[in-house]
Amino acid sequence: MNGGAVLGRIEKIQGEIINSVSKNIFCAEKRNSILLEGEVETYEEVIKAGKLATNRGYKGVINNIKVKGLTLPSRKHPKLIDNKLERKKVDVLIIGGGVIGSAIARELSKWEISILLIDKEDDLAVHASSRNNGMIHPGIDPNPKTKKAYYNVQGNKLYSKVAKELDVSFERCGNIVLYDAWYGKIISPVLKLRARLNGVEGMKYLSKRETKELEPYIYDDFIGSVIFPTTGIVSPYKMTIAFAENAVLNGAEVSLNTAALSIKCEDRKIIYVDTNRGRIFPKIVINAAGVHADEIAEMADDRFFTIHPRKGHILILDKKKGQFLNSIVSKPAINQSKSGTKGGGVTKTIDGNILVGPDAVEQPFKEDYSTNKENIDNIINKHFPILPLISPSDIITYFSGNRAATYEEDFIIEKSEYVKNLIHAAGIQSPGLASAPAIALDIEKMAVEVLSTMMEVKPKEKWNPYRKGIPELFKMSEKERNEYIKKRPDYGIIICRCEEISKGEIVDAINSPIPVNSLDAIKRRVRPGMGRCQGAFCTPSVAKIIEENANKNILEITKKGGESYLVVEETKKGGGAQFGIL
Amino acid sequence: MEFYDVVVLGAGPAGLAAGLSSYEEGANTLIIEREKYPGGILKQCIHDGFGLVEFKERLTGPEYAERFIKMVRNKKIPILTSTFVTSIKKEEEIFILSVVSKDGIIKVGAKAIILANGCRERTSKQIGIHGTRPSGVMTAGLAQYFVNIMGYLPCKKCIILGSGDIGLIMARRLTLEGAKVLGVYEVKNSPSGLTRNIVQCLNDFSIPLYLSKTITKISGDDRVEGVEICDVDENMKPIKGTEKFIECDGVILSVGLIPENEIAESLNVEIDNATKGPYVDQNFMTKVDGIFSCGNALHVNDLVDYVTESGRLAGKSAAKYASSKYKRALNPIEIPLNKFLYAVPQYIDINSDNNKVVMYLRSRDIVKNVKVIIKSRNEILYEKRYTHLNPPEMERIVFDFNRSSLNDYSIKILMQEG
Ligand SMILES: Cc1cc2nc3c(=O)[nH]c(=O)nc-3n(C[C@H](O)[C@H](O)[C@H](O)COP(=O)(O)OP(=O)(O)OC[C@H]3O[C@@H](n4cnc5c(N)ncnc54)[C@H](O)[C@@H]3O)c2cc1C
Ligand SMILES: Cc1cc2nc3c(=O)[nH]c(=O)nc-3n(C[C@H](O)[C@H](O)[C@H](O)COP(=O)(O)OP(=O)(O)OC[C@H]3O[C@@H](n4cnc5c(N)ncnc54)[C@H](O)[C@@H]3O)c2cc1C
């Protein structure tokens, strides 16, 4: 038995689980964590057993319970196989190109070390980091003393600076939590105390009238509100891409379509990591693999936690309705489950749309982003009343994302206790985006510490914290926009009519520091197809621009990498007329 | 800044006709088009059937457009192509347009503007399709562009959701190009497209049409791998237990068109919920003085000939308005929305010297043996018997009114049995 496990503890937990969940579950200790195995009837039972085993004096819960008849799809990996990275030696290998891995790469690029960031997808920010609300939380929700609380508050403070350095639009719009009589009485003292403990600044109570002055279009079903003015809003994928591009400009390397498949350890040390593009020999490895972080830990024989994906759905409304909201407004329901979501609400995005949601659903599939009517309808029923001027016909699209929740419900940001050259940035559920800058700084410290035992680590003399984003012509004054077009006429050819995106901006995205050429990747950078027509008009023109600028045939162009081809073959007669925007 | 009497937005069939008639009426006219070539959506509609009313001929879309483009060119009416209107502001009595092109941003002033910017297609999310989000799901118009303009097949084995005209036409087109169209699925119990298209595009090619069925789920990671189809009840709600999986690599949506009116809305032009286009009077002027609307931006037409007609009427009125502004007195036309989907125009300007009204209307349901009556106070302005009214088939009627008898009274549209 490892760690200071208490005698009889495991039996007690086992007993409780048998009593209230299923007798087919077996508990054991593994190092200083608790391991659950067996087979049950439903996924709810899996979660329930995991929760029962949580915070019982173990480091973490390894929940391997299976559900009868439920086979989880095998991990989705790129079909591409080559040896681009074969026998590559790097000082730091970061697995995962979400906002966490990308922010870490950027902070580490301050040092004279070689950095390789890999992601299995054809772009960065394909998973949680592009499937969230883009809210930079103030840090009021997490329980005091948790890592979440610490990193959230610190991360929030850092945002003004990083967003400016990386040329990403960021705005401290504040968030307003409406309350009714009951909620006001019970919750308000708790909130005050928590704000103090977590170090959240600027919290203020507003009367109904004051609230309405800030948000004149919200409904009347509340008596007052609390405002958190430090809350901000950012485009999560643009932020992620900006971190990664800045890292690349400072010498880091990013390899997309590259999946970590297995890890070879000797003497509690990682020797190499096998990918679909060759065997990589890193000095240290940073695990930032989002919902798959527990699998990466497992590969290194360092599994002490379990990610149980918690799905959230979000609706996007037409920009037309953006004028009816200035910030983020929510009204928590009284019976809201504690561990679930913060309840969601309505959010004005940095690009002027309104987001509605998210909800929170426990489900076993880590990369299932399908949506269903029930969840979307629930969100409509729950949150649409807040803004009486919005209606379902304003919905332009909806999507879902999976939060990388652990049973402990806290971030895991630490050097592995078992493997000498592994660092975890795992279990980064919400508010992971808000926390990213602070998490990255701490991981940087840890990585430099570990590396220093193996090599000399010097700061880079010419580290450049700045990165220039792609100009957003639509947001410019006419004078400035005119100057841009005069310099490059392509900025005057509008391709996406809904979002007013020019050819020049799309070409910039294709030629950006981390070159991309799928429709979705371009969309994440410069938004063509993100508007109300969802690409029905501009898709062919964007494809044509990719064809010309990325040296690809239209038959090779995909929506999102892999085999998501846009068209399948030439028509009988082949090439058509010369029409369209271009 | 350049000044014009009339600026037309869009060089589709509506905009071309509007530009022509405005010019012919003596107005100094400019047409602005976002794409590189004029013609609008017609450029990709390579099937025939256009122009039966206008030219008494069956033309293809590009042929039809070409006739108007030639007329515009012959008259040397300026068209700015690859030029995008980003915003319009009204300053005093003049409209100032911000216009973007590869030459930069310029300002254009106009006494009157005509919005002829067409419509867009409703997307899968706007009708609540669920499941995964692979490639291979697209609107019929996009599929049409891929096939007709670019020369590529977007899928090999597909189903078409919605029986709108573009969907029907694409069913035939994809079949001719060697793709397999497994069927057209329509959630309503009657097709939304023209009967002529059902016959010529589906029946002639043995493509099945399934009514009262819809897609409830799309599956596939990278590409579409299949869809789940469900029967629906009389409220168009899927019936549990009727789910059926169909393998396919494409889903083509023809689920409705929505007039594009973002610019109109930015000018506080009031939009009719029934048409999703602006309210207009018999001169196609919206409720904002000096702003006109026509074509599919006004309401979705099923024949391009009527699009042309509305453009022509709007152009003429706009030119008149630009030469001498007048005060309007708008009286609403009353319409029972339980009987009709809509009627355009929605208002009569009783101050206007134009007392001939061209009206487009659609019945709400399929009805047989009815009379459509238009009356003002007790005077019957128009009356016609129809053996058959069908929502997909728009009716055009023309009537005159006598201004003096109209004062203070609105016009009523009625539908009666018999
Ligand atoms: C619905 C929803 C709403 C949210 N709202 C907010 C919010 O408003 N504010 C906020 O702060 N947070 C929010 N969050 C949380 C936030 O999105 C996440 O905390 C954050 O994006 C996590 O970033 P990450 O880099 O850890 O994970 P990810 O973005 O998931 O990145 C992990 C990456 O690792 C890659 N990867 C995995 N396995 C491998 C492998 N074997 N080899 C190579 N690559 C691999 C994946 O492809 C992926 O790109 C929300 C989350 C959800 C789901
Ligand atoms: C995708 C699609 C496919 C169709 N297919 C068929 C078919 O197969 N058969 C059929 O009978 N009917 C079809 N229709 C219906 C057809 O649109 C109408 O019959 C007719 O073309 C409408 O004419 P319009 O001039 O109103 O609009 P459009 O033809 O759409 O013309 C509008 C023009 O305005 C331009 N424009 C828009 N905004 C701006 C701006 N801000 N600045 C400058 N220019 C602007 C557009 O680029 C476009 O050229 C289709 C419609 C759509 C949307």
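Things to note:
- Antiparallel bridges, percent of DSSP beta bridges restricted to the protein assembly as shown (to nearest 5): 65 percent
- Pairs of Lys in the range B:327-418 closer than 23 Å at Cα, counting only those 8 or more apart or on different chains: 17
- Taking 0.36 nm per residue of separation and subtracting the current Cα-Cα distance, fully stretching the chain between residue A:80 and residue A:441 would add 126.6 nm.
- Ranked by how many other beta carbons lie within 10 Å on average, peptides B:152-158, A:371-377 from highest: B:152-158, A:371-377
- Overall form of chain B per C-alpha gyration tensor (a/c, 1.5; a/b vs b/c): oblate
- Relative contact order (%) - criterion: Cα under 8 Å, at least six apart; region: chain B: 16 percent
- Stretched out straight at 0.36 nm per residue, the stretch from residue B:199 to residue B:337 would grow longer than its current Cα-Cα span by 46.7 nm.
- Approximating the spin labels as points 7 Å out from Cα along Cα→Cβ, the residue B:246-to-residue A:449 distance works out to 6.1 nm.
- Sorted fewest first by neighbouring Cβ atoms within 10 angstrom, A:496, B:294 come out as A:496, B:294.
- Amide H to amide H, with H built 1.01 Å from N, residue B:185 comes under 5 Å of B:160, B:161, B:162, B:210, counting only residues 5 or more places away or on other chains.
- Shielding value for A:528-541 is 5, the average number of Cβ atoms from other chains within 10 Å of each residue's Cβ.
- Gap separating the Cα centres of the range A:151-170 and the range A:37-87, nearest whole Å: 33 Å
- Shape call, the range B:297-418: gyration tensor on alpha carbons, a/c limit 1.5: oblate
- Per-residue mean of foreign Cβ neighbours for A:502-509 is 1 (Cβ atoms of other chains, 10 Å radius).
- Cβ crowding within 10 Å, taken as a proxy for footprinting-reagent exposure, orders A:162, A:99, A:291 from fewest neighbours to most as A:162, A:291, A:99.
- Computed over chain A: relative contact order in percent, which uses C-alpha pairs under 8 Å that are six or more apart: 17 percent
- With contacts taken as Cα pairs under 8 Å at a separation of at least 6 residues, the range B:268-418 carries a relative contact order of 22 percent.
- Across peptide A:491-501, the mean count of Cβ atoms from other chains lying within 10 Å of each residue's own Cβ comes to 4.
- Mean ellipticity per residue at 222 nm, deg cm²/dmol - from DSSP H runs of n ≥ 4 across the protein assembly as shown, formula -39500 (n - 2.57): -7500 deg cm²/dmol
- Estimated inter-spin distance, residue A:180 and residue A:556, nm [label 7 Å along Cα→Cβ]: 6.0 nm
- Using the Cβ-Cβ distance between residue A:19 and residue A:266 with R0 = 51 Å, the FRET efficiency computed as 1/(1 + (r/R0)^6) comes to roughly 0.75.
- Whole-angstrom gap from the range A:466-517 to the range B:229-305, using each part's C-alpha centre: 31 Å
- Seen from residue A:478, the other residues with C-beta closer than 13 Å to its C-beta sum to a net charge of +3, counting Lys and Arg as +1 and Asp and Glu as -1.
- Cβ-derived FRET efficiency at R0 56 Å, residue A:301 paired with residue A:479, nearest 0.05: 0.40
- Euclidean distance between Cα centres, the range A:212-290 to the range B:182-208, Å: 48 Å
- Site pair residue B:210 and residue A:72 shows an inter-label distance of 3.4 nm when each label is modelled 7 Å from Cα along Cα→Cβ.
- The antiparallel fraction among DSSP beta bridges confined to the range B:327-418 stands at about 95%.
- What the Cβ-Cβ distance of residue B:188 and residue A:377 gives, at R0 = 30 Å and to the nearest 0.05, is a FRET efficiency of 0.90.
- Take the Cα of residue A:367, go 7 Å toward its beta carbon, and the backbone nitrogen atoms of the range A:307-321 under 19 Å from that spot belong to A:307-312.
- Here the residues A:313, B:130, ranked from fewest to most Cβ neighbours within 10 Å of their Cβ, fall in the order B:130, A:313.
- Entries in A:148/A:366; A:487/A:559; A:66/B:240; A:164/A:192 that, when Cα-Cα distance is taken, lie over 27 Å: A:487/A:559; A:66/B:240; A:164/A:192
Laboratory data are not the source of any read-out in this text; all were calculated from the coordinates shown. Small disclaimer: the values here were computed from a predicted structure and weren't measured. Neighbour counts run over all protein chains shown; Cβ positions are idealised from the backbone, glycine included.
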